[in-house]
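The values are calculated or read from the model by the stated rules, or taken from the named source; none is laboratory data. What you see is a predicted model; the values in this text were computed from it and never measured. No Cβ is skipped: glycine too gets one built from the backbone with ideal geometry, and neighbour counts run over all protein chains shown.
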Amino acid sequence: MCGPHFCSIKIAQDVRDFSKKQGINEAEALRKGMEIKANEFKNLGTKIYHKQ
């Protein structure tokens, strides 16, 4: 399922690449990636939409 700003196939491949780079399994990569994104979201002020 893909759209102009989202592609699940690319996201799945990004997770595989991230896990390989980090030397961890895919489940751990998902947990670590979500932790990184959660911190990024908090640091940006917890707003959904930002002007670019």
- Message: Let me spell it out: the conditions are (1) among the hydrophobic types (A, V, I, L, M, F, W, C); (2) in a helix (DSSP H, G or I); (3) at pLDDT below 85, and residue 48 meets all of them except one. Which number is the exception?
- Response: (2)
- Query: Checking residue 9 against (1) assigned to a helix (DSSP H, G or I); (2) β-branched (Val, Ile, Thr); (3) surrounded by 10 or more Cβ atoms within 10 Å (Cβ to Cβ), which single condition isn't satisfied?
  - Reply: (3)
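May I ask you to list the residues in the stretch 18-50 that are of a type in the set (Val, Ile, Thr) and either closer than 23 Å to residue 8 by Cβ or surrounded by 10 or more Cβ atoms within 10 Å (Cβ to Cβ) (or both)? Show your work before the answer.
Quick first cut of the stretch 18-50, residues of a type in the set (Val, Ile, Thr) only: 24, 36, 46, 48.
Within the stretch 18-50, 24, 36, 48 qualify.
Go through the residues of the stretch 32-51 one by one and say whether even a single one is of a type outside the set (Lys, Arg) and in contact with a strand residue (DSSP E or B) (Cβ under 7 Å, 6 or more places away or on another chain). Don't jump to the end; show me each part of the working.
Within the stretch 32-51, the first condition is being of a type outside the set (Lys, Arg), and the residues that meet it are 33-36, 38-41, 43-46, 48-50.
Then drop every residue that is not in contact with a strand residue (DSSP E or B) (Cβ under 7 Å, 6 or more places away or on another chain), which leaves none.
Taking every residue of the stretch 32-51 in turn, none turns out to be of a type outside the set (Lys, Arg) and in contact with a strand residue (DSSP E or B) (Cβ under 7 Å, 6 or more places away or on another chain).
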